[in-house]
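Student: Sharing a structure here in C-alpha cells format.
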Amino acid sequence: MSISLEREFKTIISADQAAALRQDFKFAPAFTQTNIYFDDKTHRLAAANDALRIRVFADYAEQTLKAQSSGTVDRRIIEYTDRLTLSAAQAAIASGHPVTEGTVAKQLLAMGFTIQELSAFASMRTTRQECILPAGKLVLDWSHFEDGYTDWELEMEYTDHAAAQKQFAAICTQYKITVKPVQNKIGRASKHHVKKS
C-alpha cells in the first residue's frame, strides 16, 4: 500500500518528436502496462475528476485511486495504491469490479461508493519508457486504445516544481513541442472505448 502526491507536467507530442527524444535521452528499456478503468453508472468519479484503475504489468498489478487534493502552486492528486498479484487482478477484471480489500477499497467506501456499483468501462495499453534527469523523471508513453487510436504523451514527474518546470520548458523548446492541456488517460480511454454488442 502507498499514498503519494502526483506531481507532473505533461503534454501530447508527435511520433517524430517522440523518436527524437528516444534518440537523444538515455531511456530505460520499455515496459508495457494495461489499464482497466472503473466508475459507477453515472460516472461520479469522473465528475469529481477522480479515477480508479487496475494496472497490470508483466508480473504483478496495482489498484490505484486518484483523488483531487487542494494545491495552489502546482497540480496535486493524491494516489492511493495497493499492489496486487496477477491472479487477484485477473479475478477482479473478470468480475468487472475492483478488488474489494485494501486501502483503495477503504477509501472508496469513505467516499460513499460500494465496490459492486463500480464497473469496468474502458481500457488501454501503454508502452512506457523512463529517464531520470536532474529535475525529475522524464516519462514517454505510447498508448493504444480500444478503437485502434494511438498517441504519444510526454511527462515530467517531480518533487521540485520550479526546477522541473524550467527543465520541462527547455526540453519543449528544444524539440519544438507546443504544450497544451492534456485530457487524462481515463478520459481518452473512455473517448476511444469500443462498446461491445
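The values are calculated or read from the model by the stated rules, or taken from the named source; none is laboratory data. In this text, all values refer to a predicted model and were calculated from it rather than measured experimentally. Glycine also receives a Cβ, built like all others from the backbone with ideal geometry; neighbour counts cover every protein chain displayed.
Student: Considering Ile13, Ile36, which residue is on the phi < 0 side of the Ramachandran plot, modelled with pLDDT of 95 or more, of a type outside the set (Asp, Glu) and touching a Lys or Arg at 6+ places or on another chain (Cβ under 8 Å)? Step through it out loud before you land on a result.
Tutor: Numbers: Ile13 fails: touching a Lys or Arg at 6+ places or on another chain (Cβ under 8 Å).
Testing whether each residue is on the phi < 0 side of the Ramachandran plot, modelled with pLDDT of 95 or more, of a type outside the set (Asp, Glu) and touching a Lys or Arg at 6+ places or on another chain (Cβ under 8 Å) leaves just Ile36.
Student: Among the residues of the stretch 157-197, write down those that are of a type in the set (Lys, Arg) and closer than 20 Å to Ala18 by Cβ.
Tutor: The answer is Lys176, Lys180, Lys185, Arg188.
Student: Follow-up question, since we're still on this one. Out of everything in the stretch 37-60 that is among the β-branched types (Val, Ile, Thr) and under 16 Å from the mean Cα position of the chain (by Cα), what residue ends up being surrounded by the fewest Cβ atoms within 10 Å (Cβ to Cβ)? Give the derivation first.
Tutor: Just the residues of the stretch 37-60 that are among the β-branched types (Val, Ile, Thr), to begin with: 42, 54, 56.
From what's left, under 16 Å from the mean Cα position of the chain (by Cα): 54, 56.
Working: Ile54: 25, Val56: 21.
My answer is Val56.
Student: Filter the stretch 167-182 down to residues that are assigned to a loop (DSSP other than H, G, I, E, B) and surrounded by 13 or more Cβ atoms within 10 Å (Cβ to Cβ), then give me how many there are. Let's see the steps before the verdict.
Tutor: If we filter the stretch 167-182 for residues that are assigned to a loop (DSSP other than H, G, I, E, B), which is where we start, we get 175-182.
Restricting the remaining residues to those that are surrounded by 13 or more Cβ atoms within 10 Å (Cβ to Cβ) gives 175, 177, 179, 182.
Adding up the residues that qualify gives 4.
Student: Pull out all pairs, ordered by first then second residue, where Cβ-Cβ is under 6 Å, the residues are six or more apart or on different chains, the first lies in the stretch 132-156 and is within 14 Å of Thr11 (Cα to Cα) and in contact (Cβ under 8 Å) with a residue 40 or more places away in the chain, and the second is of a type in the set (A, V, I, L, M, F, W, C) and assigned to a loop (DSSP other than H, G, I, E, B).
Tutor: Taking only residues 6 or more apart or on different chains, not a single pair turns up.
Student: Counting only residues that are aliphatic (A, V, I, L, M) and more than 24 Å from Lys191 (Cβ to Cβ), how many does the stretch 117-148 have?
Tutor: 4
Student: Does the stretch 22-36 include one or more residues that are over 17 Å from Glu157 (Cα atoms), touching a Phe, Trp or Tyr at 6+ places or on another chain (Cβ under 7 Å) and surrounded by 13 or more Cβ atoms within 10 Å (Cβ to Cβ)?
Tutor: Yes, because at least one residue in the stretch 22-36 is over 17 Å from Glu157 (Cα atoms), touching a Phe, Trp or Tyr at 6+ places or on another chain (Cβ under 7 Å) and surrounded by 13 or more Cβ atoms within 10 Å (Cβ to Cβ).
Student: Further, regarding this structure: Taking the residues in the stretch 92-142 that are within 16 Å of Arg55 (Cβ to Cβ) and aromatic (Phe, Trp, Tyr) as candidates, determine which candidate is farthest from the chain's Cα centre (by Cα).
Tutor: Per the stated criteria, the residue is Phe121.
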